[in-house]
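J.: The following block contains the structure, expressed as structure tokens.
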Amino acid sequence: MSTKKTGWICLGLTAALAFGATGCSILPGNDSSGTVVKVIDGDTVDIRIAGQDTRVRLLNIDTPETVDPNKSVECMGPEASDHLKSLLAPGDKVDLEYDVERTDKYGRTLAGVYKDESLVNADIAAAGLGIAVKYEPNVRFYDEVLQAQNEAATKAAGLFDPSAECTIPAQLQEATQAFEQLSEAPADSIEEAESLAGEAAAAIALGHGVKSALNKITPDLRPVTYALLTTRFAKNVAKIDSSVIQANKVEQAHLDTKAALIESEEQRKDEERKKKEAAKKKAAAEKRQQQLRQQREAAEQQAAERRRVQQQTQPKKQPTYQAPKPRTQSVPHNYTGPRCYAPGGKSWTPCP
């Protein structure tokens, strides 16, 4: 919280002396204080100053747009307006301090507004609902507002809150977490490789989506968001591009692993199929050999059975007379001994 560092502004030493005052006096028409009439948006308020309703633009603070008909309602715009309404209610007494220029091109009075000695300009930034800006040559309150903004960023408040869906940190965080959760370890199965590649593809798509959405932010339509995007979060946005490139490599690695695993699985199945076919052929050959052996054995049994039957049914042959073979030795022509004649009596041999 910033406190008011200056007192009432003297309207002029000559005027003070003319009234016989000793020091600074609050004279009729004094514009260093006023009464809140109405809050317009997050950084604009109507204040009755010196008896006249005056539109005051808070210096060195810019809040998201809400009422400009030519601009869309920005993230945290309604919250900024509500916050200023909580700080400045109609009837509140405030002090005002000015810088080099008293009005802007729209005719609004430029000032630092204090309530209870606290600089409202900085209080808005401390809630994370506005950013510090320089309106050259008016930079009097810039450092105080910037310090409050940095404190809000440290606390992740308002525009810096990653849990608020519309903020830049929320969009960046979603993509960042998706990239950080990607696994580069090689998969052990086709299903795992396919799943990991799918996660990388989803992260890439998310990164492209976030980058596309951020690229649509322009200074003319969303000035506060654009300012944060190109300053405080510029490095984070640039990191999305490098993360997408890395995620593409991760996806391709998993796709290559998947292809290798598929090829290996096909080879394994092919080898298994060949083994099954070889085993099937071997079994068929063995079965054929067994059938041939059985057929041969059956044929032999049938042949043996036929021989047995033939032997049992064929009549027995009577033995035939076998004439003795004639002796080959010569018989003396003068043999007078006993003679043994062959059947028919045509030949004879000496009887033994």
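J.: Provide a single number: the residues in region 152-165 that are surrounded by 16 or more Cβ atoms within 10 Å (Cβ to Cβ) and not aliphatic (A, V, I, L, M).
T.: 4
J.: Just checking, which of Glu184, Glu144 is charged (D, E, K, R), outside the structural domain of Glu79 (by TED's automatic domain parsing) and in contact (Cβ under 8 Å) with a residue 60 or more places away in the chain? Even if it seems obvious, please write down each step before you answer.
T.: On the way: Glu144 fails: outside the structural domain of Glu79 (by TED's automatic domain parsing).
From the options Glu184, Glu144, the qualifying one is Glu184.
J.: Next question, about the same structure. Which of the residues that make up region 76-106 are of a type in the set (Gly, Ala, Ser) and either within 49 Å of the chain's Cα centre (by Cα) or modelled with pLDDT under 95 (or both)? Reasoning before the result, please.
T.: Taking region 76-106 and keeping what is of a type in the set (Gly, Ala, Ser), we get 77, 80-81, 86, 89, 91.
Hits for region 76-106 are Gly77, Ala80, Ser81, Ser86, Ala89.
J.: So, Ala238, is that one in a helix (DSSP H, G or I), surrounded by fewer than 12 Cβ atoms within 10 Å (Cβ to Cβ), at pLDDT below 95 and over 21 Å from the mean Cα position of the chain (by Cα) or not?
T.: no
For (1) part of a helix (DSSP H, G or I); (2) closer than 16 Å to Val224 by Cβ, each residue gets a yes or a no:
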position: Gln149; (1), (2): yes, yes
position: Ala156; (1), (2): no, no
position: Ala164; (1), (2): no, yes
position: Leu182; (1), (2): no, no
position: Glu194; (1), (2): yes, no
position: Ala197; (1), (2): yes, no
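J.: Scan region 98-113 and give yes if some residue there is surrounded by fewer than 22 Cβ atoms within 10 Å (Cβ to Cβ), without any contact (Cβ under 8 Å) to a residue 24 or more places away in the chain and more than 23 Å from Thr35 (Cα to Cα), otherwise no.
T.: For region 98-113, residues surrounded by fewer than 22 Cβ atoms within 10 Å (Cβ to Cβ), without any contact (Cβ under 8 Å) to a residue 24 or more places away in the chain and more than 23 Å from Thr35 (Cα to Cα): present.
J.: Of the residues that make up region 48-58, is at least one part of a loop (DSSP other than H, G, I, E, B) and either more than 23 Å from Leu221 (Cβ to Cβ) or not assigned by TED's automatic domain parsing to the domain that holds Leu229 (or both)?
T.: Yes, because at least one residue in region 48-58 is part of a loop (DSSP other than H, G, I, E, B) and either more than 23 Å from Leu221 (Cβ to Cβ) or not assigned by TED's automatic domain parsing to the domain that holds Leu229 (or both).
Let's see how each residue does on (1) out of contact with any helix residue (DSSP H, G or I) (no Cβ under 7 Å at 6 or more places or on another chain); (2) polar (S, T, N, Q):
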| position | (1), (2) |
| --- | --- |
| Thr35 | yes, yes |
| Lys38 | yes, no |
| Ala50 | yes, no |
| Asp62 | no, no |
| Thr66 | no, yes |
| Ser81 | yes, yes |
| Tyr98 | yes, no |
| Asp104 | yes, no |
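J.: Among the numbered criteria (1) surrounded by 19 or more Cβ atoms within 10 Å (Cβ to Cβ); (2) part of a loop (DSSP other than H, G, I, E, B), which one does Gly34 miss?
T.: Only one criterion in (1) surrounded by 19 or more Cβ atoms within 10 Å (Cβ to Cβ); (2) part of a loop (DSSP other than H, G, I, E, B) is unmet by Gly34, namely (2).
J.: May I ask you to say which residue of Ser189, Ser195, Ser183, Ser118 is under 19 Å from Asp82 (Cα atoms), of a type in the set (S, T, N, Q) and surrounded by fewer than 17 Cβ atoms within 10 Å (Cβ to Cβ)? Step through it out loud before you land on a result.
T.: Numbers: Ser189 fails: under 19 Å from Asp82 (Cα atoms); Ser195 fails: under 19 Å from Asp82 (Cα atoms); Ser183 fails: under 19 Å from Asp82 (Cα atoms).
After ruling out the rest, the residue left standing is Ser118.
J.: Right, another one. Here are Arg306, Arg327, Arg296: which of them is at pLDDT 90 or above and over 60 Å from the mean Cα position of the chain (by Cα)?
T.: Arg296
J.: Could you tell me how many of the residues in region 214-257 are in contact (Cβ under 8 Å) with a residue 12 or more places away in the chain, touching a Phe, Trp or Tyr at 6+ places or on another chain (Cβ under 6 Å) and farther than 30 Å from Ala187 by Cβ?
T.: Residues flagged as in contact (Cβ under 8 Å) with a residue 12 or more places away in the chain, touching a Phe, Trp or Tyr at 6+ places or on another chain (Cβ under 6 Å) and farther than 30 Å from Ala187 by Cβ within region 214-257 amount to 1.
J.: May I pose another question? Report, by residue number, each residue of region 131-147 that is in a loop (DSSP other than H, G, I, E, B) and more than 20 Å from Phe233 (Cα to Cα).
T.: Of region 131-147, the ones in a loop (DSSP other than H, G, I, E, B) are 133-134, 136-137, 139-141.
Residues satisfying the conditions are Glu136, Pro137, Val139, Arg140, Phe141.
J.: Of these, Ala213, Ala153, Ala227, which one is over 30 Å from Ser264 (Cβ atoms) and assigned by TED's automatic domain parsing to the domain that holds His83? Spell out the reasoning first.
T.: On the way: Ala213 fails: assigned by TED's automatic domain parsing to the domain that holds His83; Ala227 fails: assigned by TED's automatic domain parsing to the domain that holds His83.
Matching residue, one of Ala213, Ala153, Ala227: Ala153.
J.: Of the numbered conditions (1) surrounded by fewer than 17 Cβ atoms within 10 Å (Cβ to Cβ); (2) assigned to a loop (DSSP other than H, G, I, E, B), Gly128 satisfies every one except a single condition; which is it?
T.: Condition (1) is where Gly128 drops out.
J.: Keeping to region 102-125, report how many residues are in a loop (DSSP other than H, G, I, E, B) and under 15 Å from Arg55 (Cα atoms).
T.: Result for region 102-125: 6.
J.: Separate question: So in region 80-89, with the set limited to residues that are touching an Asp or Glu at 6+ places or on another chain (Cβ under 9 Å) and not hydroxyl-bearing (Ser, Thr, Tyr), which one is surrounded by the fewest Cβ atoms within 10 Å (Cβ to Cβ)?
T.: Leu87
The values are calculated or read from the model by the stated rules, or taken from the named source; none is laboratory data. Quantities reported herein were computed from a predicted structural model and do not represent experimental measurements. Please note: Cβ atoms are built from the backbone with ideal geometry, for glycine as well, and neighbour counts cover all protein chains shown.
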